[in-house]
Each structure stands twice: as C-alpha cells, then as structure tokens.
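Taking it in order: structure first as structure tokens, then the write-up.
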Amino acid sequence: PEAGCLSIIVLGASGDLAKKKTFPALFNLYRQGFLQSNEVHIFGYARTKISDDDLRNRIRGYLINDKSAPGQSEQVSEFLQLIKYVSGSYDTEEGFQLLDKEISAHESSKNSLEGSSRRLFYFALPPSVYPSVSRMIKKCCMNRSDLGGWTRIVVEKPFGKDLDSSEKLSAQIGELFEEPQIYRIDHYLGKELVQNLLVLRFANRMFLPLWNRDNIDNVQIVFREDFGTEGRGGYFDEYGIIRDIIQNHLLQVLCLVAMEKPVSLKPEHIRDEKVKVLQSVLPIKDEEVVLGQYDGYRDDPTVPDHSNTPTFATAVLRIHNERWEGVPFILKAGKALNSRKAEIRIQFKDVPGDIFKCTARNSGQNSVFTYVRRLSGDFCDSVHEAVDKSAVGKKQGRNEFVIRLQPSEAMYMKLTVKQPGLEMSTAQSELDLSYRQRYQGVTIPEAYERLILDTIRGDQQHFVRRDELKAAWEIFTPLLHRIDNGEMKPLPYKPGSRGPAEADELLSEVGYVQTHGYIWIPPTL
Ligand code: BG6
C-alpha cells in the first residue's frame, strides 16, 4: 500500500510554521529523493485568496539553505512546480470539496501508477480550528481509492491548555480518525540526539548497570534560548514556558532517559514504556518549582501589562519507581537567557570512600573539593597544611554524562583524570564525541524533515500517543492552574542572565553539584 500517488496537503499554507518549517522540510525530502515528482503533489490550503505563484514566491526564500550547493535553485524551481494552492475557509465544505477535487484530479492523472491514494494532511494551523478542519477532511477529503492507501493527519501542539481541554480536543479528533491515522508532532523527538537515546541506553553494556538510583544523583534536562518572545508575545502569553517547552519537549526527553527497556523497537512497545514513566511521576511540589519572567517581557504590546506568564521555569519531577526513587529530574527552560542550548545532564553520585577528594571542613564550602597530597597521616582535619598548593581553589567535580542536543550536537562524559605531568594532581576532563568532528561531511537532518518522512512511511514511534499526551497533562495541570489563578508568581530576571538565582539554589538543594572552573569547549575542526 505504500506505492502510488501521494498528496501532501499543507493546511495553513501561508502561515509561519508552514513557511519556516513544513515547506523547507518537504523541500529537503524532495532534494534527497524521498519525494518523487512522478507520484507526489503538494497542496497548500489557506483562507487568503492568492495564486499558485503567489504561494510559491512566498516560500521560495525559505527553501534554499545552502546557496553554494550546485543545482539548488533549479531544484527549488522544480519543487515549487509540485505545489498547487487552493483557498477556502476552515469550517465550510465548499473549500474542502474543491480541495478534494484537486487531489482527485492529481490522483487520476497519476493512475498509471496503479497504486493507492495516500493523503497526508499537515495542520500548520492554530488548534482552535483543528476540530472543524478534521470534520471537513473526514466529510470531503478522505481517500476513497479501491486500491487501498490511507488518509493521515499531522497535528502539532498546543494540544489544549490543560488536561480537560486537551482531552476534549483528543475526543473531537478521535471521533473522526483512528489513532494510527493521527500523528502528533513533538519536534524534539525528531532531533538526532534525542533519537540516539534509545541506542545509547540499550545498545551499550556500559550504561546498563549505571543507569539507576544507585549511581545517578540527579538528572537535568535544560532548554535555554538567548532571545525573548519577539513577535510571538500574543501566542506565548496564553501558554507560557511550561506549556510551550516543558510539558511537551522536555517531558518527552525525560521519558526516553527514564523509561525501561521496551519489549522491542515497535512503536507501541516504545510508547508503552514512555507512558509508564509519565504515570509514575509524583505530583509536583510547589517548593520544587521556580518561575521567572524576564524584565521587559510585558513591554511587548501583545502582552498584557499585568501578565503572570512565566518565561522561565525550573521544576523538579520525581519518578516513583524502583529505578528512580529519590532521583530528582530537574526540568528547566527559559527565554531571554544568556545562551541558546538544549542538553541532558546526568550527574553521578560521589565516589564512595574517595581517596582523591576531601571537603575543606572549616572553610564552610562543602562543595569545594581539594586534592590532598597523600603524606602519611594526612586526612581532612589537616587539610590546610596538606593541600597541594596548585590545587587550591580548583574544585573537583562529579562524573557527568552530558548529551548536547543543540547547538553543536555532542555527547561527553566528564571525568576526573590525573593532570598530565610530574605532580600527582587531578583535573577535570572529558571523553568527547562531538558530532561535527566525528561525522565530518554528514548533514544532520532537521527534525521536521525526519518526522514528515515518518508520517509518510507510517512509523508512529516518534509521535505522541493519545494516552501519553493525557499523562503529560496530568503531571502539569495542577501547577498550571495555580499559575493561571495567580497563586504562584514568576520572579523577575534580567534578560541575558541565567534566570532567577532561586533556580540555581533549588538545583543545589535537590543535590546538583556544579563544577566551578570547568567548561567543556566543543572541539574546533
Ligand atoms: C517550539 C516553541 O516548540 O520550540 C518555541 O514553541 C521554541 O518557543 C522552539 O523557540 C524551539 O525549538 P528548537 O528546535 O529551536 O529548540
């Protein structure tokens, strides 16, 4: 059934998501030969009355990502010729009947393929119109080919604003489409290093015995952006950072870090394990949450003057199961911070009975570890005399395994090693797998590109199942309601900072030990 005519319909074709993400992803798939011009046709659908060429011209500028690549502009032109535009409203049959006519015309022009008809509807739309658009598709645009094929819809967050509204939306869509027809995108699941998590965890013997509460002290999943909500203040203010990033992107990553080994790589087996993790998360405690809002956020004319919406949040999640009891999973996300990056940081416990480090008891700095020269009888009490002068002020850190999702994809393992040289002193270093260096010449695909290919191939592994979505909302809804009701207030923070200092305090309260003076520097080529 995978052969035959493929129609990709981008609903909301003139909007931002379509221009910036959907069409460029389709173009990249086309460029790499995944969309064959003899079987694929792309339809843009939106309310605006424009011509095919108007739409093509609007998106052309977003497609070329490498001007120096030979033949790109010809490829762009060929690709654009595959696109047709249909205008119509989102809640009346007229437009969708017209759309169906166009799709059918395309299908019959390709009937030499003797295949089925595959119809992929990509909702680059505000969720408020999801129910009506779904109804219209169901009524007017379903695949009716006797030769098989399918109709699928691709939807993206926000899926509601809390448990109730999300369940309502799920029910509305669920009445019209079966779960295997619904692809809920979370684009973090399309990122290379997120996809690598499963391999890393379950294909390496080394990690198996370490990945649990006996060895891991805490886990951080962090998203930072060094810009604010520019231009999207209106959307953002209704949702806030928890709904925008944490409840979906970071929680999905958490599932992959924390889940048990799935029975197999079948999508349902993987998603079953993810759901179990979500269902094991305990209610979030108010004292384990820090909210922030950057100064100047409310200056955006689309943001209400008294907005209580957080643009930063740190929340500690606790997973009540045998593997993770007692290990804090710290989810942190913020806009207008000092850097742009997303990473997973697994911090291991201290080495028991460690002979290399010792706390300076009297200094009051418990986290300061100093190397003690192993002179006879030197123990912590005499740390001041025994300290290797060159090590003073250098703090030894814990082992950490860091998975850098972006930018500069990498994995590195922070280790304590002997400082090379005559002295027996220790230093922080790392085993580093930096992708740019290790995989030179390999282009890492864009998340959307990979996920759209999955929707065409019918692989739901990297998409959010309905019960998963529900469990994710169950975790955050009580907290979100308290914020919405003004019972919890964000702390102000300066744009370009690390966020509210209280968030760092919370981090160390739950056990994270920061290594001062050590910075991982991505290798240059
Ligand atoms: C989106 C959020 O889902 O993810 C945005 O709505 C955010 O606010 C974006 O900027 C970040 O995606 P990425 O892939 O750049 O990390």
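So Lys157 clears everything in (1) at pLDDT below 95; (2) away from the ligand (no atom under 16 Å from the Cβ); (3) within 30 Å of Gly292 (Cβ to Cβ) except one condition, right? Which one?
(2)
From Arg224, Arg119, grab the single residue that is over 26 Å from Ala315 (Cα atoms) and basic (Lys, Arg).
From the options Arg224, Arg119, the qualifying one is Arg119.
Among the residues that make up the stretch 316-337, is at least one of them at pLDDT 95 or above, out of contact with any helix residue (DSSP H, G or I) (no Cβ under 9 Å at 6 or more places or on another chain) and within 16 Å of the ligand (Cβ to nearest atom)?
Looking for residues that are at pLDDT 95 or above, out of contact with any helix residue (DSSP H, G or I) (no Cβ under 9 Å at 6 or more places or on another chain) and within 16 Å of the ligand (Cβ to nearest atom), one finds at least one in the stretch 316-337, hence yes.
Right, Leu250: touching a residue at least 24 places away in the same chain (Cβ under 8 Å) and within 16 Å of the ligand (Cβ to nearest atom) or not?
yes
Can you tell me which residues in the stretch 422-440 are closer than 17 Å to Met411 by Cβ, over 23 Å from the mean Cα position of the chain (by Cα) and in a strand (DSSP E or B)?
Gln428, Ser429, Glu430, Leu431, listed by residue number.
Can you tell me how many residues within the stretch 194-236 are away from the ligand (no atom under 12 Å from the Cβ) and in a helix (DSSP H, G or I)?
The qualifying residues number 12.
Confirm whether Gly174 is surrounded by fewer than 20 Cβ atoms within 10 Å (Cβ to Cβ), away from the ligand (no atom under 12 Å from the Cβ), over 26 Å from Pro283 (Cβ atoms) and modelled with pLDDT under 95.
no
Can you name every residue in the stretch 466-490 that is in contact with a Lys or Arg (Cβ under 7 Å, 6 or more places away or on another chain) and surrounded by fewer than 16 Cβ atoms within 10 Å (Cβ to Cβ)?
Selection gives nothing.
Among the listed residues Leu415, Leu405, identify the single one that is surrounded by fewer than 19 Cβ atoms within 10 Å (Cβ to Cβ), at pLDDT 90 or above, not small (Gly, Ala, Ser) and not in a loop (DSSP other than H, G, I, E, B).
Unique residue meeting the criteria: Leu415.
Looking at (1) of a type outside the set (Asp, Glu); (2) part of a helix (DSSP H, G or I); (3) surrounded by fewer than 20 Cβ atoms within 10 Å (Cβ to Cβ), which is the only condition Leu451 fails?
It fails just one condition, (3).
Cβ contacts < 8 Å: first residue of a type in the set (Val, Ile, Thr), restricted to the stretch 391-409; second residue within 13 Å of the ligand (Cβ to nearest atom) and at pLDDT 95 or above, any location; separation 6+ or different chain. Result?
Val402/Glu343; Ile403/Leu193; Ile403/Glu343
Of everything in the stretch 127-153, what is touching a residue at least 60 places away in the same chain (Cβ under 8 Å) and either out of contact with any helix residue (DSSP H, G or I) (no Cβ under 8 Å at 6 or more places or on another chain) or closer than 23 Å to Ile241 by Cα (or both)? Give them in sequence order.
Result: Val133, Leu147, Gly148, Gly149.
Going by the conditions given, is Asp244 closer than 30 Å to Asp295 by Cβ, within 16 Å of the ligand (Cβ to nearest atom) and assigned to a helix (DSSP H, G or I)?
Taking the combined requirement at face value, the residue satisfies it.
Enumerate the strands (runs of 3 or more DSSP E) found wholly within the stretch 265-357, keeping only those where 1 or more residues are closer than 21 Å to Ile403 by Cβ and under 17 Å from the mean Cα position of the chain (by Cα).
312-318, 328-334, 341-348
Can you report the number of residues in the stretch 437-465 which are of a type in the set (A, V, I, L, M) and within 16 Å of the ligand (Cβ to nearest atom)?
The total comes to 5.
For the stretch 75-90, does any single residue satisfy the condition of being part of a helix (DSSP H, G or I) and either within 15 Å of Phe121 (Cα to Cα) or in contact (Cβ under 8 Å) with a residue 60 or more places away in the chain (or both)?
Looking through the stretch 75-90, none of the residues is part of a helix (DSSP H, G or I) and either within 15 Å of Phe121 (Cα to Cα) or in contact (Cβ under 8 Å) with a residue 60 or more places away in the chain (or both).
Looking at (1) touching a Pro at 6+ places or on another chain (Cβ under 8 Å); (2) buried (at least 20 other Cβ atoms within 10 Å of the Cβ); (3) over 30 Å from Pro310 (Cβ atoms), find the lone condition where Tyr493 falls short.
Single failed check for Tyr493: (3).
Conditions tested, residue by residue: (1) at pLDDT 95 or above; (2) out of contact with any helix residue (DSSP H, G or I) (no Cβ under 6 Å at 6 or more places or on another chain).
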{"residue": "Gly15", "(1), (2)": "no, yes"}
{"residue": "Phe23", "(1), (2)": "yes, no"}
{"residue": "Leu26", "(1), (2)": "yes, yes"}
{"residue": "Gln72", "(1), (2)": "no, yes"}
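Could you tell me whether Lys274 is crowded, with 17+ Cβ neighbours inside 10 Å and more than 16 Å from the ligand (Cβ to nearest atom)?
yes
Is it the case that some residue within the stretch 288-297 is more than 16 Å from the ligand (Cβ to nearest atom) and either on the phi > 0 side of the Ramachandran plot or of a type in the set (Phe, Trp, Tyr) (or both)?
Yes, some residue in the stretch 288-297 is more than 16 Å from the ligand (Cβ to nearest atom) and either on the phi > 0 side of the Ramachandran plot or of a type in the set (Phe, Trp, Tyr) (or both).
Pull up the stretch 26-55, narrow it to residues that are among the small types (Gly, Ala, Ser) and surrounded by fewer than 24 Cβ atoms within 10 Å (Cβ to Cβ), then point me to the one that is farthest from the chain's Cα centre (by Cα).
Among those residues, the one meeting the criterion is Ser51.
Yes or no: the stretch 241-256 includes at least one residue that is over 21 Å from Gly458 (Cα atoms) and of a type in the set (Asp, Glu).
yes
Here is a check on your reading of the model: is Leu189 within 16 Å of the ligand (Cβ to nearest atom) and not in a strand (DSSP E or B)?
yes
Quickly run through the stretch 456-465 and pick out the residues that are surrounded by fewer than 17 Cβ atoms within 10 Å (Cβ to Cβ) and part of a helix (DSSP H, G or I).
Selection gives Arg457 alone.
Here are some residues: Glu273, Glu260. Which one is among the acidic types (Asp, Glu) and touching a residue at least 40 places away in the same chain (Cβ under 8 Å)?
Sole residue among the options that is among the acidic types (Asp, Glu) and touching a residue at least 40 places away in the same chain (Cβ under 8 Å): Glu260.
The values are calculated or read from the model by the stated rules, or taken from the named source; none is laboratory data. All values reported here derive from a predicted model rather than from experimental measurement. Glycine also receives a Cβ, built like all others from the backbone with ideal geometry; neighbour counts cover every protein chain displayed.
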